[in-house]
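Read the structure below first, then the notes.
Bear in mind these aren't lab numbers, they're just calculated from the coordinates by the rules spelled out. Everything quoted here is computed from the prediction, not taken from an experiment. Glycine gets a Cβ as well: all are built from the backbone with ideal geometry, and neighbour counts include every protein chain shown.
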Amino acid sequence: MIDLANIVAIDVHTHAEVSCRQPHDNYRPEFDEAFAKFFKSSHRPTIQETCDYYRTLKMAFVMFTIDAEFELGRKRIPNEEVAEEAMKNSDVMIPFASIDPHKGRMGAREAKRLIDDFGVKGFKFHPTVQGFYPNDKMAYHLYEVIAGAGLPMLFHSGHSGFGSGVRGGGGLRLEYSNPIHLDDVAIDFPDVPIIIAHPSWPWQDEALSVAMHKPNVYIDLSGWSPKYFPPQLVQYANTQLKNRMLFGTDFPLITPERWLKDFESAGFKEEVKSLILKENAITLLKLK
């Protein structure tokens, strides 16, 4: 169990980048090369290394992989591996799962099994690399299982470092990740917490509008250093949306130390910092 009194923050956005159970699938190495160039890093820690690292920081974190087998043709890291590592490190790690929406009813069956047998606490979607619009009814078989369990859904939004610089962007469409498509999802699943991941450049205003209009929509602040946040994002985090903004890094692409250092001088009010760093995530994830 996470000792909520003694952790300083909950990072709601970290990636499992390495499997210790299967070799890395190097099916399209141009993606890996462009990814490392875009983020100026190629180090991929294991799940256990990440747990040990966050433990030293007195932080808890949400972790997931991304299942994009349909669009990328790359074998995923097993959701079961993420969940089982979380069971062994339950003082710091919260497992989310990722299932390609193209798997339809089979994907919905997998989601139910992961919830019932492995205790996953939410689901991650990446519309650009999974190749779908979030409001495509194809994905609703999966959403319905998640909604039935009362779990959150986290969606990548905005630009993607994955595919950046690859010829033709690797065939990946940025428009899938415009957060306006989540407006329909928030209407159709009004009791499901929906997290819009990242400052949603170039659609930041769309993200803020959806979150302002739909009370089940949150925004995580991962993927960028806070010193580069758009001013309107900081403005709404300090005011109307202060209870629905979440600390996230995108680790290992950005470290918590780097993010927190820049957060201190990014214009956030003192009274909202604890909400963003910990309290909002405790409420969202039902940790107490």
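The helix-only estimate of mean residue ellipticity at 222 nm for the chain, built from DSSP H runs of length n ≥ 4 each weighted as -39500 (n - 2.57), is -10000 deg cm²/dmol after division by the residue total.
Would you mind classifying region 160-231 by shape? Square roots of the alpha carbon gyration tensor eigenvalues, ordered a ≥ b ≥ c; an a/c under 1.5 is rounded, otherwise it is prolate if a/b is larger than b/c and oblate if not. Mind dumping the intermediate values first?
Details: a/c = 2.49, a/b = 1.47, b/c = 1.69.
Oblate shape, in that a/c is at least 1.5 and b/c is the bigger or equal ratio.
Given points 7 Å out from each Cα along the Cα-Cβ axis, report the Ser225 to Ser90 separation in nanometres with one decimal. Between Ser225 and Ser90, the simple spin-label model gives 3.9 nm. Length gained on full extension, Arg55 to Trp201, computed as 0.36 nm times the residue gap minus the Cα-Cα distance: 49.4 nm.
Restrict the search to region 53-114; then list the trypsin sites (Lys or Arg not before Pro) that DSSP places in a loop and that have at most 13 other Cβ atoms within 10 Å of their Cβ. Don't jump to the answer; show the numbers that get you there.
Values: sites: Arg55, Lys58, Arg74, Lys75, Arg76, Lys88, Lys103, Arg105, Arg109, Lys112, Arg113; in loops: Lys58, Arg74, Lys75, Arg76.
Filter output for region 53-114: Lys58.
By the rule of a C-alpha distance below 21 Å, with chain neighbours fewer than 8 residues away ignored, the lysines paired with Lys261 are Lys40, Lys58, Lys227, Lys242, Lys269, Lys273, Lys278.
Stretching Gln22 away from Met1 to a fully extended chain increases their span by 4.7 nm, per 0.36 nm per residue minus the current alpha-carbon distance. In the chain, taking the dipole from charged Cβ atoms about the Cα centre, the farthest positive-side position among Val185, Trp259, Phe70 is held by Trp259.
The simple spin-label model puts a point 7 Å past each Cα toward its Cβ; for Thr239 and Arg167 those points are separated by 4.9 nm. For region 120-184, the direction-averaged projected area of the alpha-carbon convex hull comes to 4.7 nm². Decide, for region 44-167, between rounded, prolate and oblate: order the square roots of the alpha carbon gyration tensor eigenvalues as a ≥ b ≥ c, take rounded if a/c falls under 1.5, and otherwise choose prolate if a/b is larger than b/c, else oblate. The shape class here is oblate.
Note on Asp188 and Asp117: their simple-model spin labels are 2.8 nm apart, each label 7 Å out from Cα toward Cβ.
Anisotropy class assigned to the chain is rounded, per the alpha carbon gyration tensor with a/c under the 1.5 cut-off. Taking 24 Å as the straight-line reach from the Cα of Lys137, the lysines in range (excluding those fewer than 8 positions away in the same chain) are Lys103, Lys112, Lys121, Lys124, Lys214.
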